[in-house]
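Asker: Dumping the structure here so I can ask a few things about it.
The values are calculated or read from the model by the stated rules, or taken from the named source; none is laboratory data. Just so it is clear, the structure is predicted and the values come from calculations on it, not from any experiment. Here the Cβ positions follow ideal geometry from the backbone for every residue, glycine too, while neighbour counts run over all protein chains shown.
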Amino acid sequence: MTDGGEAVLAAIRSRRVVRAMTAEPLPREQLETILDAGRWAPTAGNRHLQRFVATDDPTTLRLLRMVSPGMLQRPVAAITICTDRPRTAAFGFPPDAPGLHVDVGTAAATLLLAAHAIGVGAGPVTSFSRAAVAVVLRLPDGWVPEMIVCLGHPAPGAPAPMAAHRRLTWRDLTTWVP
């Protein structure tokens, strides 16, 4: 395996959801680096039907927290992954096409790994009012917020990541089919 391959696997193994963040702002360059990585996420047919809405505005972040019960951390920046429904329809996808959710997931995984790679803490949030988030972010008609990725510097002495009773192995999660 190449050194680069080992580095990618090490990043996958060491990335954790960050639920406590400091108030220290993120440099805009770091946010842009994470967003640039997001465009490389695999998508159905390379169509890029998801859109990113980024903010580091304290008022907007406070409003997002008010309508997002799952946002336990106090991020200094956030990227909301949205599905562009008009673009989706133009490609002939029904609104409930499973591939749309897969694209959101691959985008989120890519953003989380990119943040980790540059030393930024990140955590996904899916518990929020879609209608309220659309208003807070002034989303264009047809853009549906699907997930929020909170960003910030991990707080020292933060609670340890949630642990399972025991760490699962790939063998625990896999069934081989002959």
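Asker: Just the residues that are touching a Pro at 6+ places or on another chain (Cβ under 6 Å) and not β-branched (V, I, T), please, taken from the stretch 64-98.
Answerer: Within the stretch 64-98, C82 is the sole residue that qualifies.
Asker: Here's a follow-up. If I go through the stretch 114-130 residue by residue, how many of them are closer than 20 Å to C82 by Cβ and not in a strand (DSSP E or B)?
Answerer: 7
Asker: Here's something else I'd like to know. Tell me which residues, restricted to the stretch 92-103, are in a loop (DSSP other than H, G, I, E, B) and either among the acidic types (D, E) or surrounded by 15 or more Cβ atoms within 10 Å (Cβ to Cβ) (or both). Show your work before the answer.
Answerer: Start the filter on the stretch 92-103 by keeping residues that are in a loop (DSSP other than H, G, I, E, B), which leaves 92-97.
Listed by number, the residues that qualify are F93, D96, A97.
Asker: Taking P95 and the conditions (1) free of Cβ contacts under 8 Å to residues at least 12 places away in the same chain; (2) touching a strand residue (DSSP E or B) at 6+ places or on another chain (Cβ under 7 Å), which numbered condition does it fall short on, given that it satisfies the others?
Answerer: Result: P95 passes all but (2).
Asker: May I ask you to list the residues in the stretch 79-92 that are touching a residue at least 24 places away in the same chain (Cβ under 8 Å) and under 18 Å from P140 (Cα atoms)?
Answerer: Once the filter is applied, which keeps residues that are touching a residue at least 24 places away in the same chain (Cβ under 8 Å) and under 18 Å from P140 (Cα atoms), the stretch 79-92 yields I79, T80, I81, C82, T83, D84, R85, P86, R87, T88.
Asker: Next question, about the same structure. Which one of these is touching a Pro at 6+ places or on another chain (Cβ under 9 Å), β-branched (V, I, T) and either more than 30 Å from P27 (Cα to Cα) or not in a loop (DSSP other than H, G, I, E, B) (or both): T106, T174? Walk me through it before giving the result.
Answerer: Working: T174 fails: touching a Pro at 6+ places or on another chain (Cβ under 9 Å).
Of the residues listed, the single one that is touching a Pro at 6+ places or on another chain (Cβ under 9 Å), β-branched (V, I, T) and either more than 30 Å from P27 (Cα to Cα) or not in a loop (DSSP other than H, G, I, E, B) (or both) is T106.
Asker: Answer yes or no: is there a residue in the stretch 154-162 that is of a type outside the set (K, R), within 29 Å of T22 (Cβ to Cβ), modelled with pLDDT of 95 or more and over 12 Å from the mean Cα position of the chain (by Cα).
Answerer: no
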